[in-house]
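The values are calculated or read from the model by the stated rules, or taken from the named source; none is laboratory data. Computed from a predicted structure; not experimentally measured. Cβ coordinates were reconstructed from backbone atoms using ideal geometry, including for glycine residues, and neighbour counts include every protein chain displayed. The protein model used for the area step is the full one, side chains on, heavy atoms only, and it has no ligands, DNA or RNA in it. Shrake-Rupley method; radii C 1.70, N 1.55, O 1.52, S 1.80 Å.
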Amino acid sequence: MTRVLMIYPRFIPNSFWNYTEACELVGAKYPAAPLGLITVAAMLPQDWDIRLINRNTEELTDADLDWADLIMIGGMLNQQPDFLYLIDLAHLHGKVVCVGGPDVSSSPHLYANADFQVIGEAEHIITDFIAAWQRGERKGVFTAEKFKIDITQSPLPRYDLLKFEHYLYIGIQFSRGCPFTCEFCDIIELYGRVPRTKTQDQIFAELQALYDAGYRGHVDFVDDNFIGNRKHVRPMMPKLKEWLQKHDYPFEFTTEASINLADDDDMLQAMKDANFFGVFVGIESPDPETLIQMRKKQNTKRNIAESIHKIYSYGMFVTAGFILGFDSEKVSVATSMTDFIEECCVPVCMVGLLYALPGTQLTRRLEKEGRLHKGHDIMRVEQAGDQCTLGCNFDTKRPLREILVDYKTVLGNVFSPEAYAGRLRRLSSMLDRSGRPQQLADGDIRKNHGVDLLYQIINRIPEAKEPFWKTFVEVGKKNPGALRQIVTMMAIYLHLGPFSQHVIREIDRRIAELDAATPTAPAVHAYREPQVANA
Ligand code: SF4
């Protein structure tokens, strides 16, 4: 028997994604549970004793470390500083460390200190690691063949290792990979462009296991692109609807999808029928030329705002990503981006700076062009930010100072309480919530938070009081069915409002550093084409 302590590293503080204040409102500790680690836990021998510590929700003690024979750690780029710290800490306790997950797979050189590395998807190679461990080996690197892992062999995740009450939602995965080619994306480098899916039996077994374990509430399909393999997902949807009806709607779903979801009325209806209430969509830019340059062709030749509004008409709100810092960006981007976000009517918008992620097409191109910054793949503890504050980790074509000024202008515009509430009002007029179950299931962490939630929100952000009340009253009169979704997005503003102010301060600091370094030529970080001598 081996005693395994699985540790999920802390995410960097001050990230767009950690929704800290919204979690506090409903008594959760972190938005999402570590699905990858509990899936790997299910691949380990049944007689191994496994404990899980999520550093985002609970303390790791010396006793925890001393108990273990083996420490297993998995995480992503935004967990890197704590991840590296934990390897050293485990070694200080004399423990053997095995690491894996997206950041290890993208940047294995940064994790050379770990005793074992599992690089790539774990399903097949974890057996090699287990065999090596059982032979008494205490070092090794196991690399999966890329994009070949058969996820129909992926086991039922060990949900029993989770404390459900710590999370806003629980993840479930049907597919991995995405058919598109966005230049900045690391998903297609890690999981490939031919989305592989689990079987329907697997998914319904996972849902049943969650249900039987007593979980009720928000379940997120963490697929890279839920409609990436429509041939497989489409036939699952009516069965999902039936399953929900049979179990009296214990779950509400969200997911991530490409914008061409809006072209597929049947799929939108199927998602509505299966109680999906939100979708994350990468919109990125209002500029067609920039979309072509980033190889996001699925967003071109369409009216993006109309596509988003179409999704609203099926009762699902859209959260979306927008990026500044592309080579072909126009000087007018601050205005066009603000107008675009307003037109799309996306309240919860992740506006970030372009970040060259390890292993992407973008990173390879920038490297070839000599534009990547040294240590571009390292998240330093002292920097502590995400792509919102640390983006543009390369020499930009437009002067960096201009991009940063435009960026903070967009943030200031779209995250003012008035602008945010205005988008909520307009969104609510399009959000058709008819034909949905009205009540959340008993046991859902979000239940029993109604008007009191709104009081708490406006007490914490007094400047939001007037526009949020106005919105609440208007939505209550005109589309009461949408009220719960709208209040949820108001709760998210508790994080987004202060977070956007934090990012603006950080960007001001970066601008001041640039100015201090080059008082007479603030454009010093701008990329210049190499000078070619005239023939
Ligand atoms: S659509 Fe999303 S997941 Fe697919 S390649 Fe583009 S950014 Fe990546």
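Of all the residues that make up the range 215-226, how many are more than 10 Å from the ligand (Cβ to nearest atom) and either more than 17 Å from residue 154 (Cα to Cα) or of a type outside the set (Phe, Trp, Tyr) (or both)?
Start the filter on the range 215-226 by keeping residues that are more than 10 Å from the ligand (Cβ to nearest atom), which leaves 215-222, 226.
Cutting the leftovers down to either more than 17 Å from residue 154 (Cα to Cα) or of a type outside the set (Phe, Trp, Tyr) (or both) gives us 215-220, 222, 226.
The total comes to 8.
Please enumerate the residues belonging to the range 117-160 that are part of a strand (DSSP E or B), aliphatic (A, V, I, L, M) and under 30 Å from residue 205 (Cβ atoms). Spell out the reasoning first.
Of the range 117-160, the ones part of a strand (DSSP E or B) are 117-119, 140-143.
Filter once more, keeping what is aliphatic (A, V, I, L, M): 118-119, 141.
Residues satisfying the conditions are 118, 119.
Whether any residue in the range 365-372 is among the aliphatic types (A, V, I, L, M), free of Cβ contacts under 8 Å to residues at least 60 places away in the same chain and open to solvent by less than 10 Å² (accessible area, probe 1.4 Å) is what I want to check. Even if it seems obvious, please write down each step before you answer.
Initial filter on the range 365-372 (among the aliphatic types (A, V, I, L, M)): 366, 372.
The next check asks that each one be free of Cβ contacts under 8 Å to residues at least 60 places away in the same chain; those that pass are 366, 372.
Now drop any that are not open to solvent by less than 10 Å² (accessible area, probe 1.4 Å), which leaves 366.
Scanning the range 365-372 turns up at least one residue that is among the aliphatic types (A, V, I, L, M), free of Cβ contacts under 8 Å to residues at least 60 places away in the same chain and open to solvent by less than 10 Å² (accessible area, probe 1.4 Å).
Criterion first (outside any helix (DSSP H, G or I) and surrounded by 18 or more Cβ atoms within 10 Å (Cβ to Cβ)) does residue 90 satisfy it?
Working: outside any helix (DSSP H, G or I): no; surrounded by 18 or more Cβ atoms within 10 Å (Cβ to Cβ): yes.
The answer is no for residue 90.
Hey, any hits in the range 108-116 for a residue that's touching a Gly at 6+ places or on another chain (Cβ under 7 Å), over 22 Å from residue 167 (Cα atoms) and outside any helix (DSSP H, G or I)?
yes
Looking at (1) free of Cβ contacts under 8 Å to residues at least 40 places away in the same chain; (2) more than 16 Å from the ligand (Cβ to nearest atom); (3) not in a strand (DSSP E or B), which is the only condition residue 99 fails?
(3)
Given the criterion within 14 Å of the ligand (Cβ to nearest atom), out of contact with any Pro (no Cβ under 8 Å at 6 or more places or on another chain) and either among the acidic types (Asp, Glu) or modelled with pLDDT under 95 (or both), identify the matching residue among 183, 145, 165.
Details: 145 fails: within 14 Å of the ligand (Cβ to nearest atom); 165 fails: within 14 Å of the ligand (Cβ to nearest atom).
On inspection, the qualifying residue turns out to be 183.
Among the residues of the range 309-359, write down those that are under 21 Å from residue 487 (Cβ atoms), polar (S, T, N, Q) and in a loop (DSSP other than H, G, I, E, B).
Answer for the range 309-359, where residues must be under 21 Å from residue 487 (Cβ atoms), polar (S, T, N, Q) and in a loop (DSSP other than H, G, I, E, B): just 313.
Here is a list of conditions, (1) touching a residue at least 60 places away in the same chain (Cβ under 8 Å); (2) within 30 Å of residue 212 (Cβ to Cβ); (3) open to solvent by 20 Å² or more (accessible area, probe 1.4 Å), and residue 110 meets all of them except one; can you say which number that is?
(2)
Name the residue, out of 440, 404, 424, that is assigned to a helix (DSSP H, G or I), touching a Lys or Arg at 6+ places or on another chain (Cβ under 7 Å) and not polar (S, T, N, Q).
Unique residue meeting the criteria: 404.
Considering only the range 113-146, state which residues are among the aliphatic types (A, V, I, L, M) and within 29 Å of the chain's Cα centre (by Cα).
Residues satisfying the conditions are 114, 118, 119, 122, 125, 126, 141, 144.
So for the range 360-369 (the condition being closer than 27 Å to residue 279 by Cβ and either assigned to a loop (DSSP other than H, G, I, E, B) or at pLDDT below 95 (or both)), does at least one residue qualify?
yes
Is it the case, given these coordinates, that residue 410 is surrounded by fewer than 20 Cβ atoms within 10 Å (Cβ to Cβ), outside any loop (DSSP other than H, G, I, E, B) and of a type in the set (A, V, I, L, M, F, W, C)?
Working: surrounded by fewer than 20 Cβ atoms within 10 Å (Cβ to Cβ): no; outside any loop (DSSP other than H, G, I, E, B): yes; of a type in the set (A, V, I, L, M, F, W, C): yes.
Here the answer is no, as residue 410 does not meet what is asked.
If a residue must be touching a residue at least 12 places away in the same chain (Cβ under 8 Å), of a type outside the set (Lys, Arg) and assigned to a helix (DSSP H, G or I), how many such residues does the range 452-465 contain? Show your work before the answer.
Of all residues in the range 452-465, those touching a residue at least 12 places away in the same chain (Cβ under 8 Å) come to 453-454, 456-457, 460-461, 463-464.
In the following step, the residues that additionally are of a type outside the set (Lys, Arg) were identified as 453-454, 456-457, 461, 463-464.
After this cut, where a residue has to be assigned to a helix (DSSP H, G or I) as well, the list is 453-454, 456-457, 463-464.
Of the residues in the range 452-465, 6 are touching a residue at least 12 places away in the same chain (Cβ under 8 Å), of a type outside the set (Lys, Arg) and assigned to a helix (DSSP H, G or I).
Spot the failing condition for residue 176; the list is (1) within 11 Å of the ligand (Cβ to nearest atom); (2) open to solvent by 30 Å² or more (accessible area, probe 1.4 Å); (3) basic (Lys, Arg), and only one is missed.
Against the list (1) within 11 Å of the ligand (Cβ to nearest atom); (2) open to solvent by 30 Å² or more (accessible area, probe 1.4 Å); (3) basic (Lys, Arg), residue 176 comes up short only on (2).
What are the pairs, 6+ residues apart or on separate chains, where a residue within the range 119-141 that is of a type in the set (Lys, Arg) has its Cβ under 7 Å from a residue that is open to solvent by less than 70 Å² (accessible area, probe 1.4 Å)?
138/96; 138/115; 139/115; 139/116
Checking the condition away from the ligand (no atom under 16 Å from the Cβ), more than 27 Å from residue 106 (Cβ to Cβ), modelled with pLDDT of 95 or more and of a type in the set (Lys, Arg), which residue from 234, 230 passes?
Numbers: 230 fails: away from the ligand (no atom under 16 Å from the Cβ).
Going through 234, 230 in turn, just one is away from the ligand (no atom under 16 Å from the Cβ), more than 27 Å from residue 106 (Cβ to Cβ), modelled with pLDDT of 95 or more and of a type in the set (Lys, Arg): 234.
Could you list, in sequence order, the residues of the range 287-320 that are open to solvent by 40 Å² or more (accessible area, probe 1.4 Å) and either under 23 Å from the mean Cα position of the chain (by Cα) or of a type in the set (D, E, K, R) (or both)?
Selection gives 289, 295, 297, 301, 302, 306, 309, 310.
Just give me the residues in the range 262-272 being open to solvent by less than 20 Å² (accessible area, probe 1.4 Å) and within 16 Å of the ligand (Cβ to nearest atom), in sequence order.
262, 264, 267
Search the range 56-80 for residues that are of a type in the set (Ser, Thr, Tyr) and pair each with any residue that is buried (at least 16 other Cβ atoms within 10 Å of the Cβ) and part of a helix (DSSP H, G or I) when their beta-carbon atoms are under 6 Å apart and the residues are at least 6 apart or on different chains.
Qualifying pairs under 6 Å: 57/166.
Please go through the range 476-521 and give me each residue that is assigned to a loop (DSSP other than H, G, I, E, B) and either among the hydroxyl-bearing types (Ser, Thr, Tyr) or more than 30 Å from the chain's Cα centre (by Cα) (or both), ordered by number. Lay out the reasoning, then the answer.
Initial filter on the range 476-521 (assigned to a loop (DSSP other than H, G, I, E, B)): 479, 518-521.
Passing the criteria: 518, 519, 520, 521.
Evaluate the following for residue 389: is it modelled with pLDDT of 95 or more, under 20 Å from the mean Cα position of the chain (by Cα), closer than 30 Å to residue 102 by Cα and not hydrophobic (A, V, I, L, M, F, W, C)? I'd like the intermediate steps shown before the answer.
Details: modelled with pLDDT of 95 or more: no; under 20 Å from the mean Cα position of the chain (by Cα): yes; closer than 30 Å to residue 102 by Cα: yes; not hydrophobic (A, V, I, L, M, F, W, C): yes.
So residue 389 fails the test.
So residue 105 clears everything in (1) without any contact (Cβ under 8 Å) to a residue 40 or more places away in the chain; (2) outside any strand (DSSP E or B) except one condition, right? Which one?
(1)
Could you pull out the residue among 226, 180 that is under 21 Å from residue 243 (Cα atoms) and of a type in the set (Phe, Trp, Tyr)?
On the way: 180 fails: under 21 Å from residue 243 (Cα atoms).
Answer to the check: 226.
Has the range 239-261 got any residue that is among the polar types (S, T, N, Q), in contact with a Pro (Cβ under 7 Å, 6 or more places away or on another chain) and either at pLDDT below 95 or within 16 Å of the ligand (Cβ to nearest atom) (or both)?
Restricting attention to the range 239-261, the residues satisfying the condition of being among the polar types (S, T, N, Q) are 245, 254-255, 258, 260.
This time we only want the ones that are in contact with a Pro (Cβ under 7 Å, 6 or more places away or on another chain), so: none.
No.
Mind listing whichever residues of the range 191-214 are within 10 Å of the ligand (Cβ to nearest atom) and either among the aliphatic types (A, V, I, L, M) or open to solvent by 20 Å² or more (accessible area, probe 1.4 Å) (or both)? Before you say what the answer is, go through the steps one by one.
Step one: filter the range 191-214 for residues within 10 Å of the ligand (Cβ to nearest atom), giving 191, 193, 195.
Matches in the range 191-214: 191, 193.
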